[in-house]
Amino acid sequence: MKDLKFYMQDSIKNHYALGAYNFVNMEMLKGICQGAKISKSPFLASVSEGALEYMGENFVLPIFNSAKKEFPEIPFFLHLDHGKSFEICKKAIDLGFNSVMIDGSSLPFEENIALTKKVVDYAHKKNVFVEAELGVLAGIEDNVKSDKNIFTNPLKAKEFVEKTNCDSLAVAIGTSHGAYKFKGKSTLRFDILKEIEEKLPNFPLVLHGASSVPQKYVEIINNYGGKIEGAVGVDEKLLQTASTEHNIYKINTDTDLRLAYFATLRKHLAENPQNFDLRKFNQVAIKEIANFVADKNANVFNSANKI
């Protein structure tokens, strides 16, 4: 089975991105795996600090390892999303995560470098990959919050990578966390991304806050008692461009999975008010997540048949 290092390099060479899909329970991961099996795509299974706390460290690894046994033909890797401290990254590394993200983006530049390098030095001894972040994304995701975007400085990006020896870098080019990403037309600063790529040729880059917020899910949720009017995500054509024409090796997807899950649950429970069997509505949700992931891999990330 090919490892994560192979896919970090191969995705740039062959113009595709790996989906980094967040999960908070067995059902979500099962749906993600089923979708990856349909499209024959490698991916990262991401766990945020909040999800790690919610599931508990004694559950996360067994759930992940059970999925690996259930889907042995699919290469996928366990990733810590938005670790905010050395301690949480060390915990994930010691638990057996394949990759961790240390998010020092809210810190002054030199402090971000120092924190990231500390994590890198520890992780590399354990053969664990480290993703860092430079620049700030607006929006809210778990314990990550900012009121404004601060675009990544290409010159600073080169210095940062050289001083930290991180394996990949999350860049800020206009994406944002949450379901309310744009007030008007969605746009991304591909000019900044191109400058970063010129300074860091063939280096694996990452897009956070890149959910597309499918309007079909928003409509279903609102029609069945929810209230998320005005939710807008990143245009999938922009994500496709990032996947196929730039050095974006990994694209994070969290909000879309939550929307798919809850749209399915709300509709099913409203149409089947007599049902109180969790297995029935979770099966429907798993299938919807699988279809969403398979479509995303094939038609947006271009990662179908890349195993």
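Which of the chymotrypsin sites (Phe, Trp or Tyr not before Pro) found in the range 240-307 are loop residues per DSSP with 14 or fewer other Cβ atoms within 10 Å of their Cβ?
Phe276
Among Asp167, Asp121, Asp191, the residue with the largest mean-square fluctuation in a Gaussian network model of the chain, with springs joining Cα atoms closer than 10 Å, is Asp191.
Considering Cα pairs under 8 angstrom that are at least six residues apart, work out the relative contact order of the range 164-307 and quote it in whole percent. Write down the numbers at each step before the final one.
Numbers: 188 pairs, mean separation 36.2, N = 144.
25 percent.
Checking the a/c ratio against 1.5 first, then a/b against b/c, what shape does the Cα gyration tensor give for the range 27-111?
Prolate shape, in that a/c is at least 1.5 and a/b is the bigger ratio.
With a cut-off of 14 Å between beta carbons, the residues surrounding Gly56 carry a summed charge of -2, where Lys and Arg count +1 and Asp and Glu -1.
What percent do you get for the relative contact order of the chain when only Cα pairs under 8 Å and 6+ apart count?
Values: 611 pairs, mean separation 71.8, N = 307.
Once divided by the residue count of the chain, the mean separation gives 23 percent.
Quickly estimate the mean residue ellipticity at 222 nm for the chain, helices only: each DSSP H run with n ≥ 4 gives -39500 (n - 2.57), and the total goes over all residues, rounded to 500. About -15500 deg cm²/dmol.
Each DSSP beta bridge with both residues in the chain is either parallel or antiparallel, and the antiparallel ones are about 10%. Of the residues Asn165, Asn58, Asn247, the one that moves most in a GNM of the chain with alpha-carbon contacts below 10 Å is Asn58.
Hey, got a sec? Which GluC sites (Glu not before Pro) in the range 230-307 land in a DSSP loop and have at most 16 other Cβ atoms within 10 Å? Provide the component values of the computation, followed by the final result.
On the way: sites: Glu236, Glu245, Glu271, Glu288; in loops: none.
The qualifying sites: there are none.
Taking only alpha carbon atoms, the range 157-279 gives an Rg to Rh ratio of 1.12, where Rh is the Kirkwood radius. Axis angle, to the nearest 10 degrees, between helix 86-95 and the longest C-alpha principal axis of the chain: 60 degrees.
For the chain, what is the per residue volume of the convex hull drawn over the alpha-carbon atoms, in cubic angstrom? Can you show the working numbers first?
Working: hull volume 36.4 nm³, N = 307.
Enclosed volume per residue, from the Cα hull, is 118 Å³.
Computed about the Cα centre, the dipole magnitude for the range 4-299 is approximately 400 debye when only Lys and Arg (+1) and Asp and Glu (-1) carry charge, each at its Cβ.
Within 10 Å of each candidate Cβ there may be at most 13 other Cβ atoms; applying that plus a DSSP loop requirement, which GluC sites (Glu not before Pro) in the range 32-80 survive? Write out the running numbers ahead of the final one.
Numbers: sites: Glu49, Glu53, Glu57, Glu70, Glu73; in loops: Glu73.
The qualifying sites are Glu73.
The residue list Phe77, Thr175, Met101 was ranked by how far each Cα lies along the charge dipole of the range 4-299 toward its positive end, using unit charges on Cβ atoms, and Phe77 comes out on top. Net charge in the neighbourhood of Pro204 (other residues with Cβ under 10 Å of its Cβ; Lys, Arg +1, Asp, Glu -1) is 0. Charge tally around Thr164: other residues with Cβ under 10 Å, Lys/Arg +1 each, Asp/Glu -1 each, net -1. Of the listed pairs Lys2/Lys216; Lys68/Lys199; Lys5/Lys30; Lys37/Lys237; Lys5/Lys280, which have alpha-carbon separations greater than 28 Å here? Cα-Cα > 28 Å for Lys2/Lys216; Lys68/Lys199; Lys5/Lys280; rest within.
Any read-out appearing in this document is the output of simple, stated calculations on the displayed coordinates, not a laboratory observation. Every value quoted in this text rests on a predicted model; they were computed, and no experiment measured them. Neighbour counts run over all protein chains shown; Cβ positions are idealised from the backbone, glycine included.
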